[in-house]
Amino acid sequence: MLIDMLLLVFAGLMVAAALSDAVRYTIPNWLCGAIALLFPLAAVAAGLGWAQSGMHLLGGSLALLIGFALFAPGWIGGGDAKLFAAAALWFGWDGVFPLLFHTAIAGGGLVLALLILRQAAPFARVPAGWIRQTALAQGAPVPYGLAIAAGVLWSLPASALFAAS
C-alpha cells in the first residue's frame with residue numbers, strides 16, 4: 001500500500017516538474033530533490049535489498065553522467081539533467097535504458113511538434129499572449145522536462161518498483 005502511494009507521489013512530482021518546465025522553462029531544485037529523497041523510502045517499502053538498491057543508485061549515476069554530457073554542449077538544461085537523474089533512481093540499472101529510450105522518443109516528438117508549431121505560428125491566428133510569447137516564439141528553449149516526464153510515465157508500468165506494488 002505504501003509503495004503504491006509513493007509511486008503516485010513520484011508520478012505527481014514528475015507531472016509538476018513537466019508543467020513548471022512548460023510554463024517557466026525551469027524545474028525547481030526542490031522537485032528534483034524530493035524525487036531523489038523519496039526513493040530510499042520507496043526502496044524500503046518495496047523490500048529492495050542492498051544489492052538491488054545499489055543497482056538503482058548505479059542507474060541514477062549513469063543518468064546523471066548522461067545528463068551532464070547533454071548539458072555541457074547546451075543540448076538540455078541543468079534542471080533537465082537533474083530531473084532525469086533523480087527519476088532514474090526509481091528505475092535502476094535494468095530500467096534506465098528503457099527510460100532513456102522512451103524519453104528520447106518523447107523528446108523527439110516534442111521537438112518535432114514545437115518546430116512545426118513555431119514555423120506555423122506567424123501564419124496562424126494565435127492571440128498575442130503567453131503561448132505566442134513563449135512556447136511558439138522562434139528561438140525559445142525546448143521544455144525537455146515534458147519529455148522526461150512522458151518517458152517516466154511510459155516506462156513506469158514496466159519498472160521493478162511498479163511490479164513490487
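Here the helices (runs of 4 or more DSSP H) wholly within the stretch 63-165 that include at least 2 residues being more than 22 Å from Gly33 (Cβ to Cβ) and modelled with pLDDT under 85 are 92-120, 130-133, 160-164. Does the stretch 47-61 contain at least one residue that is surrounded by 21 or more Cβ atoms within 10 Å (Cβ to Cβ), under 21 Å from Trp93 (Cα atoms) and among the aromatic types (Phe, Trp, Tyr)? So far as the stretch 47-61 goes, no, none of its residues is surrounded by 21 or more Cβ atoms within 10 Å (Cβ to Cβ), under 21 Å from Trp93 (Cα atoms) and among the aromatic types (Phe, Trp, Tyr). May I ask you to list the residues in the stretch 76-107 that are under 14 Å from Ile148 (Cα atoms) and either of a type in the set (Phe, Trp, Tyr) or free of Cβ contacts under 8 Å to residues at least 24 places away in the same chain (or both)? Those that are under 14 Å from Ile148 (Cα atoms) and either of a type in the set (Phe, Trp, Tyr) or free of Cβ contacts under 8 Å to residues at least 24 places away in the same chain (or both): Gly78, Ala81, Phe84, Trp90, Phe91, Phe97, Phe101. Scanning the stretch 1-30 for residues that are surrounded by fewer than 21 Cβ atoms within 10 Å (Cβ to Cβ), over 22 Å from Ser165 (Cβ atoms) and hydrophobic (A, V, I, L, M, F, W, C) yields a total of 4.
In the list Ala72, Ala36, which residue meets the criterion of being in contact (Cβ under 8 Å) with a residue 40 or more places away in the chain, among the aliphatic types (A, V, I, L, M) and surrounded by fewer than 21 Cβ atoms within 10 Å (Cβ to Cβ)? Just one listed residue meets the conditions, Ala36. Residues that are without any contact (Cβ under 8 Å) to a residue 60 or more places away in the chain and in a loop (DSSP other than H, G, I, E, B) within the stretch 1-33 comprise Met1, Thr26, Pro28, listed in sequence order.
The values are calculated or read from the model by the stated rules, or taken from the named source; none is laboratory data. Worth saying up front: this structure is predicted, and the values here are computed from it rather than measured. So basically every Cβ, Gly included, is an ideal-geometry build from the backbone, and we count neighbours across all protein chains shown.
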